[in-house]
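Engineer: Below are the structure tokens for one structure; questions will follow.
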Amino acid sequence: MKTHHLQKISPRFEYPVVFARGLFSPDDDTLRAVLEPRVEPRPAPALVFVDAGLLPHYPSLTEDIARKFRAESRWLHLVCDPIPVPGGERIKNDYRLIMSVVDACLEYRLCRRSLVFVVGGGAVLDAVGFAASIVHRGLRIVRLPTTTVSQGDSGVGVKTGMNLHGSKNTIGTFWPPFAVISDLEFLATLRAEHWISGAAEAFKVAVVRDSAFLDFLCERAGDLRQRNEAVMEQVVMWSARLHLEHIRSSRDPFEMGEGRPLDFGHWLAHKLESMSGFGMTHGHAVSVGLVVDLTYAALRGWITVTDRNRVVRALSRCGLPVSSPLLLERQGDGRLRILDGLTEFREHAGGRLVLIYPDGMGRLQLVYEVDHVLLEQAVLGVVRGGALIRE
């Protein structure tokens, strides 16, 4: 007689997401207030990785971090000085760099009650998080995001990853952070393309989740381009809250079923990044992806042409690109190369194509099939017909 068991497991994850200023100044107590109650009574071993791209702007950063952490020795044990790692997509493109993080975790004998801190942009958070998630089947990761994209979007989620075979996030894990603490002061020194990249992700979530946020973005687009720090801080915090609400309310944070991340426009953005050799920033690629998908949504009648044009104008006023000549590249058979992004996205999403599109502004719908003729029309219209379409 056969025995049948249906195993049901419902793990619970919770992690604080905090915005602060001056985390590593001697008199700031944010790290202690957030983390000390969550670690065991004896000091937790800690290893810190720092995005090397920060160091030209903050030459004393590693020393400041080491001094700060050693002052917290009652509950935290810094096992070595902070370790700089390459920033941007470089670290996500090189498996040897990922393994160097793994090697450091093993060299310093971290255990599952240790803390791995990562200070930097989204790519560094993804890469170090991936490495930490595979050591001892998962070390506790504390993210300290420093860019508008990572503070408002990628840094608050549950994914890690690296690029492989020329595709974005080909391998990775679902591994929720132990905590996320964003220091808003880091935003002030971002280069223009990284400063505005977070706005693209904010528009993405606003179009499909929050029409009031979309109105705010459209009204303040010029302020974002002019580097109004107060407005950008509102944007990243509002965006983070919406992303957190979506992850929580989907009831499928690890995307085992049809739960989808807020990836409107991303099937094209990921392909565009890889086609550019990862020379195009993620936020710029997302902006172009939004314009194409907004155009397709308007052609399908899911949104009005007026709403489509309003968002495209606002993206442009922010200083974000609304088109790219890469969209016109064709395969040997004449097919637009960018459309391969749909196939790659389907594989990434579990074998079935599931896309998020707006159902009116501020609401989303899941779409399982696309009209390839209409989608190509949208792509070509964006490149050849200019950013706007006739209302």
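The values are calculated or read from the model by the stated rules, or taken from the named source; none is laboratory data. Predicted model only: the values in this text are computed from it and were never measured. All Cβ positions, even for glycine, are placed from backbone atoms using ideal geometry, and neighbour counts span all protein chains on display. All accessible areas refer to the heavy atoms of the entire protein, side chains included, with ligands and DNA or RNA removed. Shrake-Rupley method; radii C 1.70, N 1.55, O 1.52, S 1.80 Å.
Engineer: If you check VAL135, VAL142, VAL116, which single one turns out to be outside any helix (DSSP H, G or I), buried (at least 16 other Cβ atoms within 10 Å of the Cβ) and in contact with a Cys (Cβ under 9 Å, 6 or more places away or on another chain)? If you could, list the steps in order and put the result at the bottom.
Structural biologist: Values: VAL135 fails: outside any helix (DSSP H, G or I); VAL142 fails: in contact with a Cys (Cβ under 9 Å, 6 or more places away or on another chain).
Among VAL135, VAL142, VAL116, only VAL116 is outside any helix (DSSP H, G or I), buried (at least 16 other Cβ atoms within 10 Å of the Cβ) and in contact with a Cys (Cβ under 9 Å, 6 or more places away or on another chain).
Engineer: Right, another one. Kindly provide the set of residues from region 260-290 that are within 18 Å of ALA199 (Cα to Cα), without any contact (Cβ under 8 Å) to a residue 60 or more places away in the chain and part of a loop (DSSP other than H, G, I, E, B), ordered by number.
Structural biologist: MET280
Engineer: PHE216 versus (1) surrounded by fewer than 17 Cβ atoms within 10 Å (Cβ to Cβ); (2) free of Cβ contacts under 8 Å to residues at least 24 places away in the same chain: which is the lone unmet condition?
Structural biologist: (1)
Engineer: Give the number of residues within region 325-340 that are farther than 16 Å from LEU375 by Cα and assigned to a loop (DSSP other than H, G, I, E, B). Steps first, answer last, please.
Structural biologist: Looking only at region 325-340, we keep the residues that are farther than 16 Å from LEU375 by Cα, and these are 325, 331-333.
Add one more test, that the residue is assigned to a loop (DSSP other than H, G, I, E, B), and what stays is 331-333.
The qualifying residues number 3.
Engineer: Are there any pairs, at least 6 apart or on different chains, whose C-beta atoms fall under 7 Å, with the first in region 358-377 and at positive phi and assigned to a loop (DSSP other than H, G, I, E, B) and the second surrounded by fewer than 17 Cβ atoms within 10 Å (Cβ to Cβ) and not charged (D, E, K, R), and if so, which?
Structural biologist: Sorted first by the residue in region 358-377, then by its partner, the pairs are GLY362/SER211.
Engineer: Looking only at region 298-311, how many residues end up being open to solvent by 70 Å² or more (accessible area, probe 1.4 Å), polar (S, T, N, Q) and not in a loop (DSSP other than H, G, I, E, B)?
Structural biologist: Here the count works out to 1.
Engineer: Return only the number of the condition from (1) modelled with pLDDT of 95 or more; (2) surrounded by fewer than 17 Cβ atoms within 10 Å (Cβ to Cβ); (3) out of contact with any helix residue (DSSP H, G or I) (no Cβ under 8 Å at 6 or more places or on another chain) that ASP94 does not satisfy.
Structural biologist: In the conditions (1) modelled with pLDDT of 95 or more; (2) surrounded by fewer than 17 Cβ atoms within 10 Å (Cβ to Cβ); (3) out of contact with any helix residue (DSSP H, G or I) (no Cβ under 8 Å at 6 or more places or on another chain), ASP94 misses (1) alone.
Engineer: Among what's in region 100-113 and is surrounded by fewer than 14 Cβ atoms within 10 Å (Cβ to Cβ) and not aliphatic (A, V, I, L, M), pick the residue that is nearest to PHE49 (Cα to Cα).
Structural biologist: Filtering region 100-113 down to residues surrounded by fewer than 14 Cβ atoms within 10 Å (Cβ to Cβ) leaves 103, 106-107, 109, 111-113.
Still in the list and also not aliphatic (A, V, I, L, M): 103, 107, 109, 111-113.
Working: ASP103: 13, GLU107: 14, ARG109: 16, CYS111: 17, ARG112: 17, ARG113: 17 Å.
The residue in question is ASP103.
Engineer: Given (1) at pLDDT 95 or above; (2) under 26 Å from GLU347 (Cα atoms); (3) open to solvent by 10 Å² or more (accessible area, probe 1.4 Å); (4) among the small types (Gly, Ala, Ser), identify the lone condition not met by SER287.
Structural biologist: (3)
Engineer: Something else about it: Name every residue in region 64-75 that is open to solvent by 30 Å² or more (accessible area, probe 1.4 Å), touching a residue at least 12 places away in the same chain (Cβ under 8 Å) and of a type outside the set (A, V, I, L, M, F, W, C), in order of residue number.
Structural biologist: Here is the first cut: in region 64-75, the ones open to solvent by 30 Å² or more (accessible area, probe 1.4 Å) are 64, 67, 70-71, 73-74.
When the remaining residues are screened for being touching a residue at least 12 places away in the same chain (Cβ under 8 Å), the result is 64, 67, 71, 73-74.
Listed by number, the residues that qualify are ASP64, ARG67, SER73, ARG74.
Engineer: Do the conditions hold for THR295, that is, is it open to solvent by less than 10 Å² (accessible area, probe 1.4 Å), modelled with pLDDT of 95 or more and of a type outside the set (D, E, K, R)? Please lay out each step first, then the result.
Structural biologist: Values: open to solvent by less than 10 Å² (accessible area, probe 1.4 Å): yes; modelled with pLDDT of 95 or more: yes; of a type outside the set (D, E, K, R): yes.
Spelling it out, THR295 is indeed open to solvent by less than 10 Å² (accessible area, probe 1.4 Å), modelled with pLDDT of 95 or more and of a type outside the set (D, E, K, R).
Engineer: Follow-up question, since we're still on this one. Inspect all residues belonging to region 152-172 and state whether any of them is assigned to a helix (DSSP H, G or I) and open to solvent by 20 Å² or more (accessible area, probe 1.4 Å). Walk me through it before giving the result.
Structural biologist: We begin by selecting, within region 152-172, every residue assigned to a helix (DSSP H, G or I); these are 152, 154-156.
If we keep only those that are open to solvent by 20 Å² or more (accessible area, probe 1.4 Å) as well, we get 154.
Within region 152-172, one or more residues are assigned to a helix (DSSP H, G or I) and open to solvent by 20 Å² or more (accessible area, probe 1.4 Å).
Table: residues versus (1) surrounded by 17 or more Cβ atoms within 10 Å (Cβ to Cβ); (2) closer than 22 Å to THR295 by Cα; (3) over 19 Å from the mean Cα position of the chain (by Cα).
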| site | (1), (2), (3) |
| --- | --- |
| GLU201 | yes, yes, no |
| ASP210 | yes, yes, no |
| ALA230 | no, no, yes |
| TRP238 | yes, no, no |
| ARG241 | no, no, no |
| GLU245 | no, no, no |
| ARG251 | no, no, yes |
| ARG260 | yes, yes, no |
| ALA269 | yes, yes, no |
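Engineer: Turning to a different aspect of this structure: Of the conditions (1) part of a helix (DSSP H, G or I); (2) open to solvent by less than 80 Å² (accessible area, probe 1.4 Å); (3) out of contact with any Leu (no Cβ under 6 Å at 6 or more places or on another chain); (4) in contact (Cβ under 8 Å) with a residue 24 or more places away in the chain, THR343 fails just one. Which one is it?
Structural biologist: It fails just one condition, (4).
Yes or no, residue by residue, for (1) of a type in the set (A, V, I, L, M, F, W, C); (2) modelled with pLDDT under 95; (3) open to solvent by less than 90 Å² (accessible area, probe 1.4 Å):
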| site | (1), (2), (3) |
| --- | --- |
| HIS5 | no, yes, no |
| LEU23 | yes, no, yes |
| PRO26 | no, yes, no |
| THR30 | no, no, yes |
| LEU47 | yes, no, yes |
| TYR58 | no, no, yes |
| THR62 | no, no, yes |
| HIS77 | no, no, no |
